[in-house]
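Here is the structure we will look at, set down as structure tokens.
The values are calculated or read from the model by the stated rules, or taken from the named source; none is laboratory data. Remember, predicted model here, so these are calculated numbers, not experimental data. Note: areas computed on protein heavy atoms with side chains; ligands, DNA, RNA excluded. Shrake-Rupley method; radii C 1.70, N 1.55, O 1.52, S 1.80 Å.
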Amino acid sequence: MSDAHDEHESVIKTPKQLIAAILAGFLVPIIAIVLLVQYVSNDKKVGAGSSALTPEAVAARIQPVADQGFTFKDASGPKQLQAGEAVYKMVCSACHGTGAAGAPKFGDNGAWGPRLAQGYDTLLKHAVAGIRAMPAKGGNPDLDDVEVARAVVHMANASGAQFKEPEVKAAAAAEAPAK
């Protein structure tokens, strides 16, 4: 025979060496992964006695989301009617501030003149029900008719009209006895 048979021998010669090689093949990658995760996630850990456990820090972490600037309205409570200027800024200025879709611009006496000649009641009817490209109540159905009327008076008076701001009628719910 030749010496070629000796060339194909492996490093593993006993069953004990085979078991050690298999275990190393599993354990070495697992240990490497655990160490790599520890290295990547190694950041400053806050422990007991630090400022993270003060009552103020704990209260800041567990405070309700509602305390972060959100204002909730009581749907069953009385509605707070807005002033005409506030309604104009919130709803009407989108079109009447720029003249979009043919809307008369705020304070433009020439554009408002023919509309003012029609009278307050006609202007109010068009504002509440909508006309041409203008949706009813300026696109905000949550507005009360009194709020829309106040906005109409605000815009019309800025263009030379002398309309009087509408008075709020007593709500029927306030007059009815509680059951």
Shape of the stretch 48-160, Cα gyration tensor, a/c cut at 1.5:
prolate
Compute the Rg to Rh ratio over the stretch 79-124 from the alpha carbon atoms, using the Kirkwood formula for Rh, and round to two decimal places.
1.01
For the stretch 26-40 and the stretch 69-145, write down the distance between their C-alpha centroids in whole Å.
66 Å
Provide PHE26, PHE163, PHE106 ordered by accessible surface of protein heavy atoms (probe 1.4 Å), highest first.
PHE26, PHE106, PHE163
In what sequence, largest accessible area first, do ARG61, ARG150, ARG132, ARG115 appear using a 1.4 Å probe?
ARG132, ARG61, ARG115, ARG150
